[in-house]
Amino acid sequence: MTSATSERMVDTRLWFDDGDIVLQVRAQIGTLSPPDWTKPYQAENHAYKVHRFMLSRESEFFKTMFSLPRAINGEPMTGDGTAAHPAVVPQVTAEVFSSLLNAIYCR
């Protein structure tokens, strides 16, 4: 089930209250690979609140992503993984990312 939250679509099956990171997919809809990143996003704007340890355990990409600094001089970077500033997972559609998360969470 999805719901709209501040223009962001949230899959309630993949929004865990005890999750510790909010991820947002950004993909240009209707483009072929490689996408033209010079054009504005036609972002699907889907967000997921999940657990870092689950993604880190199953994916080297996320393990590396989560090991990178989240702040510069004590100030959070854009996309720090909070609901206000989700960490962006680029070049993936919501359908594909939801499928990945469903596999990780065995749903």
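Here is how the numbers come out for the structure above:
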item	result
All positions within the stretch 51-64 that are assigned to a helix (DSSP H, G or I) and small (Gly, Ala, Ser)	Ser56
Residues satisfying the stated conditions in the stretch 6-25, i.e. in contact with a strand residue (DSSP E or B) (Cβ under 6 Å, 6 or more places away or on another chain) and part of a loop (DSSP other than H, G, I, E, B)	Phe16, Gly19
Subset of the stretch 10-52 (residues that are at pLDDT below 85, surrounded by 10 or more Cβ atoms within 10 Å (Cβ to Cβ) and of a type in the set (A, V, I, L, M, F, W, C))	Ala27, Ile29, Trp37, Ala43
Inter-residue pairs, beta-carbon under 7 Å, first of a type in the set (S, T, N, Q) and assigned to a loop (DSSP other than H, G, I, E, B) and in the stretch 65-82, second surrounded by 13 or more Cβ atoms within 10 Å (Cβ to Cβ) and modelled with pLDDT of 65 or more, 6+ apart	Thr78/His85; Thr82/Val22
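The values are calculated or read from the model by the stated rules, or taken from the named source; none is laboratory data. Since this is a predicted model, take the numbers as computed values, not measurements. Every residue, glycine among them, receives a Cβ derived from its backbone with ideal geometry; neighbour counts consider all protein chains shown.
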